[in-house]
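Worksheet for the structure shown next.
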Amino acid sequence: MLSRSEKETEEIGYRFGKSLKRGDTVSLIGSLGAGKTVFAKGIARALGITEAVVSPTFTLVQEYEGSEKLYHLDLYRLSGEDEFESMGGEEFLYPDGITLVEWAEKIGDMMRSDAFFVTITINDDESREITIEGGNHEYSCS
Ligand SMILES: Nc1ncnc2c1ncn2[C@@H]1O[C@H](COP(=O)(O)OP(=O)(O)OP(=O)(O)O)[C@@H](O)[C@H]1O
Ligand SMILES: [Mg+2]
(Lines give C-alpha, C1' and ligand atoms only; values in the text may rest on other atoms or scores of the structure.)
(Ligands and ions follow the chains in the order given, each with its own letter.)
Protein backbone atom coordinates (compact mmCIF):
# COMPACT_ATOMS: atom_id res chain seq x y z
CA MET A 1 0.00 0.00 0.00
CA LEU A 2 1.19 3.50 -0.73
CA SER A 3 0.89 6.19 1.94
CA ARG A 4 1.41 9.78 0.90
CA SER A 5 1.14 11.37 4.33
CA GLU A 6 1.40 10.78 8.05
CA LYS A 7 -2.39 10.91 8.19
CA GLU A 8 -2.73 8.14 5.59
CA THR A 9 -0.30 5.89 7.48
CA GLU A 10 -2.26 6.48 10.68
CA GLU A 11 -5.47 5.62 8.83
CA ILE A 12 -4.02 2.38 7.42
CA GLY A 13 -2.92 1.51 10.96
CA TYR A 14 -6.43 2.27 12.20
CA ARG A 15 -8.10 0.00 9.63
CA PHE A 16 -5.61 -2.79 10.23
CA GLY A 17 -6.06 -2.32 13.97
CA LYS A 18 -9.79 -2.98 13.62
CA SER A 19 -8.92 -6.51 12.44
CA LEU A 20 -6.66 -7.33 15.38
CA LYS A 21 -7.69 -9.83 18.03
CA ARG A 22 -6.65 -10.52 21.58
CA GLY A 23 -3.34 -12.38 21.57
CA ASP A 24 -1.98 -10.79 18.40
CA THR A 25 1.57 -9.53 18.13
CA VAL A 26 2.59 -7.05 15.44
CA SER A 27 6.19 -6.44 14.47
CA LEU A 28 6.74 -2.96 13.02
CA ILE A 29 9.77 -2.86 10.76
CA GLY A 30 11.30 0.21 9.16
CA SER A 31 14.17 2.64 9.47
CA LEU A 32 14.30 5.62 11.86
CA GLY A 33 11.41 7.94 11.09
CA ALA A 34 9.72 5.52 8.68
CA GLY A 35 6.38 5.83 10.46
CA LYS A 36 6.20 2.86 12.84
CA THR A 37 4.91 4.97 15.72
CA VAL A 38 2.44 6.75 13.43
CA PHE A 39 1.08 3.35 12.37
CA ALA A 40 0.96 2.31 16.06
CA LYS A 41 -1.11 5.41 16.85
CA GLY A 42 -3.68 4.29 14.29
CA ILE A 43 -3.89 0.86 15.89
CA ALA A 44 -4.31 2.46 19.32
CA ARG A 45 -7.16 4.61 18.01
CA ALA A 46 -8.83 1.48 16.63
CA LEU A 47 -8.72 0.04 20.15
CA GLY A 48 -10.42 3.14 21.51
CA ILE A 49 -7.30 4.38 23.28
CA THR A 50 -7.55 8.13 23.84
CA GLU A 51 -4.27 8.56 25.73
CA ALA A 52 -1.48 9.97 23.53
CA VAL A 53 0.74 7.23 22.13
CA VAL A 54 4.38 8.23 22.15
CA SER A 55 7.47 6.14 21.64
CA PRO A 56 8.51 4.78 25.02
CA THR A 57 11.85 6.49 25.63
CA PHE A 58 13.27 5.25 28.91
CA THR A 59 10.95 2.34 29.35
CA LEU A 60 11.03 -0.34 26.70
CA VAL A 61 7.31 -0.94 27.06
CA GLN A 62 4.29 1.29 27.42
CA GLU A 63 0.91 -0.11 28.37
CA TYR A 64 -2.49 1.32 27.37
CA GLU A 65 -6.06 0.39 28.22
CA GLY A 66 -8.60 0.26 25.42
CA SER A 67 -11.15 -2.26 24.18
CA GLU A 68 -8.08 -4.52 24.48
CA LYS A 69 -4.90 -3.90 26.46
CA LEU A 70 -2.16 -2.58 24.22
CA TYR A 71 1.52 -3.18 24.90
CA HIS A 72 3.77 -0.94 22.83
CA LEU A 73 7.39 -2.02 22.85
CA ASP A 74 10.20 0.01 21.33
CA LEU A 75 13.37 -2.05 21.41
CA TYR A 76 15.63 0.52 19.77
CA ARG A 77 17.66 0.91 22.94
CA LEU A 78 17.64 -2.78 23.84
CA SER A 79 21.17 -4.13 24.20
CA GLY A 80 20.20 -7.57 22.94
CA GLU A 81 18.27 -10.76 23.45
CA ASP A 82 19.64 -11.19 27.00
CA GLU A 83 18.11 -7.91 28.12
CA PHE A 84 14.82 -8.92 26.50
CA GLU A 85 14.82 -12.12 28.51
CA SER A 86 15.63 -10.35 31.76
CA MET A 87 12.80 -7.85 31.24
CA GLY A 88 10.41 -10.78 30.84
CA GLY A 89 9.93 -9.80 27.22
CA GLU A 90 8.64 -13.13 26.00
CA GLU A 91 5.49 -12.63 28.06
CA PHE A 92 4.62 -9.62 25.89
CA LEU A 93 4.83 -11.75 22.74
CA TYR A 94 1.82 -13.79 23.94
CA PRO A 95 -0.28 -10.97 25.39
CA ASP A 96 -3.65 -10.90 27.12
CA GLY A 97 -4.28 -8.07 24.68
CA ILE A 98 -2.33 -6.86 21.66
CA THR A 99 1.41 -6.23 21.41
CA LEU A 100 3.18 -3.92 18.99
CA VAL A 101 6.96 -4.17 18.69
CA GLU A 102 9.12 -1.51 17.08
CA TRP A 103 12.68 -2.60 16.30
CA ALA A 104 11.89 -6.30 16.75
CA GLU A 105 15.05 -6.93 14.71
CA LYS A 106 16.81 -6.61 18.09
CA ILE A 107 15.35 -9.89 19.27
CA GLY A 108 15.95 -11.82 16.06
CA ASP A 109 14.37 -15.25 16.05
CA MET A 110 12.70 -14.70 19.40
CA MET A 111 9.90 -12.90 17.56
CA ARG A 112 6.92 -15.20 16.95
CA SER A 113 6.88 -16.56 13.44
CA ASP A 114 3.09 -16.14 13.33
CA ALA A 115 3.23 -12.44 14.24
CA PHE A 116 2.03 -9.85 11.74
CA PHE A 117 5.00 -8.16 10.08
CA VAL A 118 4.32 -4.60 8.98
CA THR A 119 7.15 -3.17 6.91
CA ILE A 120 7.34 0.54 6.11
CA THR A 121 9.87 1.82 3.61
CA ILE A 122 10.56 5.43 2.66
CA ASN A 123 10.37 6.16 -1.05
CA ASP A 124 12.54 8.74 -2.81
CA ASP A 125 9.62 11.20 -2.84
CA GLU A 126 9.14 10.69 0.96
CA SER A 127 5.94 8.70 0.50
CA ARG A 128 5.84 5.33 2.30
CA GLU A 129 5.29 1.81 1.04
CA ILE A 130 3.53 -0.33 3.65
CA THR A 131 3.37 -4.10 3.40
CA ILE A 132 1.68 -6.47 5.83
CA GLU A 133 2.69 -10.12 5.97
CA GLY A 134 2.23 -13.09 8.27
CA GLY A 135 -0.26 -13.32 11.09
CA ASN A 136 -2.51 -16.22 11.89
CA HIS A 137 -5.90 -14.86 10.82
CA GLU A 138 -7.49 -12.74 8.13
CA TYR A 139 -7.28 -8.97 8.28
CA SER A 140 -8.44 -6.03 6.22
CA CYS A 141 -7.05 -2.57 5.60
CA SER A 142 -10.06 -1.23 3.74
N1 LIG B 1 3.61 8.83 4.61
C2 LIG B 1 4.07 9.01 5.85
N3 LIG B 1 3.75 8.11 6.81
C4 LIG B 1 4.21 8.24 8.05
N5 LIG B 1 5.01 9.23 8.49
C6 LIG B 1 5.36 10.16 7.59
C7 LIG B 1 4.90 10.09 6.24
N8 LIG B 1 5.44 11.14 5.57
C9 LIG B 1 6.15 11.83 6.46
N10 LIG B 1 6.12 11.26 7.67
C11 LIG B 1 6.83 11.75 8.89
O12 LIG B 1 7.76 10.77 9.27
C13 LIG B 1 7.85 10.70 10.70
C14 LIG B 1 7.53 9.29 11.19
O15 LIG B 1 7.79 9.26 12.58
P16 LIG B 1 7.62 7.97 13.49
O17 LIG B 1 7.96 8.42 14.87
O18 LIG B 1 6.31 7.33 13.27
O19 LIG B 1 8.77 7.01 12.93
P20 LIG B 1 9.30 5.66 13.56
O21 LIG B 1 9.38 4.69 12.44
O22 LIG B 1 8.49 5.29 14.74
O23 LIG B 1 10.78 6.08 14.01
P24 LIG B 1 11.68 5.53 15.22
O25 LIG B 1 12.49 4.39 14.67
O26 LIG B 1 12.54 6.70 15.55
O27 LIG B 1 10.80 5.11 16.34
C28 LIG B 1 6.88 11.74 11.25
O29 LIG B 1 7.60 12.91 11.51
C30 LIG B 1 5.90 11.94 10.09
O31 LIG B 1 5.33 13.23 10.06
MG1 LIG C 1 8.89 4.99 16.73
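The values are calculated or read from the model by the stated rules, or taken from the named source; none is laboratory data. The shown structure was predicted, so the numbers you read here are calculated from the model rather than taken from an experiment. Using ideal geometry, Cβ is built from the backbone for each residue, glycine included, and neighbour counts are taken over all protein chains shown. For the accessible areas, the whole protein counts, side chains as well, though only heavy atoms, and no ligand, DNA or RNA atoms are used. Shrake-Rupley method; radii C 1.70, N 1.55, O 1.52, S 1.80 Å.
Pairs only if they're at least six apart or on different chains, beta carbon under 6 angstrom, first in the stretch 32-59 and more than 13 Å from ligand 2 (Cβ to nearest atom), second basic (Lys, Arg); list them, first residue then second.
So the pair list comes out as Ala46/Lys18.
Among the strands (runs of 3 or more DSSP E) confined wholly to the stretch 2-96, which include 1 or more residues that are over 19 Å from Tyr139 (Cβ atoms) and open to solvent by 10 Å² or more (accessible area, probe 1.4 Å)?
Numbers: elements: 25-29, 61-65, 69-74.
Because the criterion is at least 1 residues that are over 19 Å from Tyr139 (Cβ atoms) and open to solvent by 10 Å² or more (accessible area, probe 1.4 Å), the strands (runs of 3 or more DSSP E) in the stretch 2-96 that meet it are 61-65, 69-74.
For the stretch 43-76, give me each residue that is charged (D, E, K, R) and more than 14 Å from Asp96 (Cβ to Cβ).
At the first step, the residues of the stretch 43-76 found to be charged (D, E, K, R) are 45, 51, 63, 65, 68-69, 74.
Of everything in the stretch 43-76, those that are charged (D, E, K, R) and more than 14 Å from Asp96 (Cβ to Cβ) turn out to be Arg45, Glu51, Asp74.
Could you grab the pairs with beta carbons closer than 6 Å, sequence gap of 6+ or different chains, first residue in the stretch 119-142 and at pLDDT below 95, second one open to solvent by 50 Å² or more (accessible area, probe 1.4 Å) and more than 16 Å from ligand 2 (Cβ to nearest atom)?
These pairs meet every condition: Cys141/Arg15.
Please find, within the stretch 107-119, the residue that is farthest from Gly135 (Cα to Cα) out of those that are more than 14 Å from the chain's Cα centre (by Cα) and surrounded by 13 or more Cβ atoms within 10 Å (Cβ to Cβ).
Here the residue is Ile107.
Which number in (1) open to solvent by 30 Å² or more (accessible area, probe 1.4 Å); (2) among the β-branched types (Val, Ile, Thr); (3) within 21 Å of Ser19 (Cα to Cα) marks the one condition that Ile122 misses?
Unmet for Ile122, out of (1) open to solvent by 30 Å² or more (accessible area, probe 1.4 Å); (2) among the β-branched types (Val, Ile, Thr); (3) within 21 Å of Ser19 (Cα to Cα): (3).
Could you grab me the full set of residues in the stretch 97-110 that are touching a helix residue (DSSP H, G or I) at 6+ places or on another chain (Cβ under 6 Å), closer than 22 Å to Gly42 by Cα and either outside any strand (DSSP E or B) or of a type outside the set (Asp, Glu) (or both)?
Thr99, Leu100
From Leu20, Leu78, Leu73, grab the single residue that is more than 16 Å from ligand 2 (Cβ to nearest atom) and either free of Cβ contacts under 8 Å to residues at least 24 places away in the same chain or touching a Leu at 6+ places or on another chain (Cβ under 9 Å) (or both). Before you say what the answer is, go through the steps one by one.
Numbers: Leu78 fails: more than 16 Å from ligand 2 (Cβ to nearest atom); Leu73 fails: more than 16 Å from ligand 2 (Cβ to nearest atom).
Only one candidate passes the filter, namely Leu20.
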